[in-house]
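Right, one structure below, let's go through it.
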Amino acid sequence: MSSLWKLVGSAIPDDDASQVSAYDLARSEMARPGAPGLVLDLGCGDAASAGVFRSVAPDVRWVGLDVAESDLARAVRAEHVVLYDGEHFPLATGTIPLVYSRQVFEHVRYPEQVLAEVARVLTPGGVFIGSTSHLEPYHAYSLWNYTPYGFKVLVEAAGLELVELRPGPDGQALIARTYQGKLPEHGRWFTQESPLNVEIDEWGRATGRRPALVSNRKLAVCGQFCFRVRKPANWRPARRQEPSWTSVRSDGRRVLRDAVQVAAVAIDRASRRSPRLRAVVKRIPGSEPVVRAVRGRDDGRARR
């Protein structure tokens with residue numbers, strides 16, 4: 001049985017095991033040498049991330065993208081926000097160096113399609129960063145929870161590379177927060193290590209585990225996790241496997257054959273009870289071989 005470490009360990013950094021947020025990733029990305037001058041916030045909502053990016057890079061060009069139904073996005077006036085249909089980005093291919101998405105993918109109706117669009121609009125070598133839910137309770141039209149491995153599978157299906165996974169607040173804390181009514185004191189679990197993450201840190205120190213193994217344990221029980229994804233320089237859009245004419249014709253013949261068999265069984269059983277119907281069936285071209293085959297099969301079953 002494959003462990004989480006075996007499946008995603010190559011994407012777990014060994015520098016630090018601290019709990020992080022998508023905002024932390026945004027700030028660290030903009031602090032890198034050669035940070036991009038353009039960022040797209042996928043699922044931008046009220047455009048709060050614009051201030052986070054500009055706190056590190058004041059001149060960065062920020063563009064928001066959200067579904068047309070988003071009241072928050074439609075109300076934004078101070079930033080440039082693009083609305084879309086939830087599947088197709090109205091953006092040119094290979095034009096965005098950095099896509100950011102904070103706690104959005106658990107609400108996305110068609111995640112594979114949206115990830116394919118992320119891959120399409122990214123520049124070669126471009127980066128996709130953000131966070132999403134793993135063991136987070138239901139909230140605000142959320143549709144999915146992703147395991148770190150499941151998210152890797154979706155990312156790679158879009159032709160992207162999962163580069164980095166880091167733990168967010170633990171799932172036990174988020175469950176307690178929802179169950180207890182989201183009390184004000186729960187807010188600290190998003191900016192400090194949440195309770196189970198503190199316990200895992202203590203386990204790591206007591207057992208001498210390196211940071212990557214501590215992070216791996218946090219990721220196994222996290223409520224949210226952060227990711228860094230890269231578009232390969234040689235990226236090509238995935239080809240959909242269209243059915244061949246041979247397979248379509250074969251499927252059609254099989255369906256027709258099955259339909260004939262079902263009809264033959266019904267007609268034969270009815271005709272055995274009605275001499276008049278039996279006479280009608282005999283006049284149908286090609287009916288005799290089918291009826292004989294059905295009777296032979298039924299007789300064989302009876303003998304067994």
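The values are calculated or read from the model by the stated rules, or taken from the named source; none is laboratory data. All of these numbers come straight from a predicted model, not from anything done at the bench. FYI the Cβ positions are ideal-geometry reconstructions off the backbone, even for glycines, and counts take in every protein chain you see.
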Within region 39-76, the residues that are among the polar types (S, T, N, Q) and either touching a strand residue (DSSP E or B) at 6+ places or on another chain (Cβ under 9 Å) or more than 20 Å from Pro97 (Cα to Cα) (or both) are Ser49, Ser70
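Report the residue count in region 122-167 for those that are at negative phi, assigned to a loop (DSSP other than H, G, I, E, B) and surrounded by fewer than 17 Cβ atoms within 10 Å (Cβ to Cβ).
Restricting attention to region 122-167, the residues satisfying the condition of being at negative phi are 122-124, 126-129, 131-139, 142-158, 160-167.
If we keep only those that are assigned to a loop (DSSP other than H, G, I, E, B) too, we end up with 134-139, 142-147, 158, 160.
Now narrow it down to the ones that are surrounded by fewer than 17 Cβ atoms within 10 Å (Cβ to Cβ): 137-139, 142-144.
Looking only at that region, the number is 6.
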Expected output for region 10-33 (first residue touching a residue at least 24 places away in the same chain (Cβ under 8 Å), partner surrounded by 21 or more Cβ atoms within 10 Å (Cβ to Cβ) and assigned to a loop (DSSP other than H, G, I, E, B), Cβ below 7 Å, 6+ apart or cross-chain) is Gln19/Gly168; Gln19/Pro169; Gln19/Ser194; Val20/Gly168; Ser21/Gly168
- Message: Any residue that is assigned to a helix (DSSP H, G or I) and either in the same structural domain as Arg209 (by TED's automatic domain parsing) or within 30 Å of Ala220 (Cβ to Cβ) (or both) - is there at least one of those in region 78-86?
- Response: no
Picked from region 169-209 (must be in a loop (DSSP other than H, G, I, E, B) and out of contact with any helix residue (DSSP H, G or I) (no Cβ under 8 Å at 6 or more places or on another chain)), the residue farthest from Ala116 (Cα to Cα) is Gly208
Note on Lys218: of the conditions (1) under 22 Å from Val118 (Cβ atoms); (2) crowded, with 22+ Cβ neighbours inside 10 Å, unmet is (1)
Within region 210-229, the residues that are more than 22 Å from Gln103 (Cβ to Cβ) and either in a loop (DSSP other than H, G, I, E, B) or not assigned by TED's automatic domain parsing to the domain that holds Glu164 (or both) are Arg210
How many residues of region 90-108 are touching a Gly at 6+ places or on another chain (Cβ under 6 Å) and hydrophobic (A, V, I, L, M, F, W, C)? The answer is 1
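Kindly evaluate Tyr23 against the criterion of being in a helix (DSSP H, G or I), of a type in the set (Ser, Thr, Tyr) and surrounded by 15 or more Cβ atoms within 10 Å (Cβ to Cβ).
Numbers: in a helix (DSSP H, G or I): yes; of a type in the set (Ser, Thr, Tyr): yes; surrounded by 15 or more Cβ atoms within 10 Å (Cβ to Cβ): yes.
Here the answer is yes, as Tyr23 does meet what is asked.
Tell me which residues, restricted to region 1-20, are exposed (fewer than 15 other Cβ atoms within 10 Å of the Cβ) and farther than 15 Å from Arg230 by Cβ. Show your work before the answer.
Going through region 1-20, the residues exposed (fewer than 15 other Cβ atoms within 10 Å of the Cβ) turn out to be 1-3, 6, 10, 13-16.
If the condition is that a residue be exposed (fewer than 15 other Cβ atoms within 10 Å of the Cβ) and farther than 15 Å from Arg230 by Cβ, then Met1, Ser2, Ser3, Lys6, Asp14, Asp15, Asp16 are the ones that fit.
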Residues of region 66-104 being in contact with a helix residue (DSSP H, G or I) (Cβ under 6 Å, 6 or more places away or on another chain), under 20 Å from Ala26 (Cα atoms) and among the hydrophobic types (A, V, I, L, M, F, W, C), in sequence order, are Val81, Ile96, Val99
Flagged in region 109-143 as in contact (Cβ under 8 Å) with a residue 60 or more places away in the chain and within 13 Å of the chain's Cα centre (by Cα), in numbering order, are Val114, Ala116, Val118, Ser131, Thr132, Ser133, His134
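Filter region 174-229 down to residues that are small (Gly, Ala, Ser) and either in contact with a Leu (Cβ under 6 Å, 6 or more places away or on another chain) or closer than 24 Å to Val127 by Cα (or both), then give me how many there are.
Filtering region 174-229 for residues small (Gly, Ala, Ser) gives 176, 181, 187, 194, 204, 206, 208, 212, 215, 220, 223.
Now drop any that are not either in contact with a Leu (Cβ under 6 Å, 6 or more places away or on another chain) or closer than 24 Å to Val127 by Cα (or both), which leaves 212, 215, 220, 223.
Of the residues in region 174-229, 4 are small (Gly, Ala, Ser) and either in contact with a Leu (Cβ under 6 Å, 6 or more places away or on another chain) or closer than 24 Å to Val127 by Cα (or both).
Here is a check on your reading of the model: is Trp203 surrounded by fewer than 16 Cβ atoms within 10 Å (Cβ to Cβ), free of Cβ contacts under 8 Å to residues at least 40 places away in the same chain and aromatic (Phe, Trp, Tyr)? Before you say what the answer is, go through the steps one by one.
Values: surrounded by fewer than 16 Cβ atoms within 10 Å (Cβ to Cβ): yes; free of Cβ contacts under 8 Å to residues at least 40 places away in the same chain: yes; aromatic (Phe, Trp, Tyr): yes.
In short, yes.
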In region 26-53, residues that are outside any loop (DSSP other than H, G, I, E, B) and more than 16 Å from Ile129 (Cα to Cα) total 1
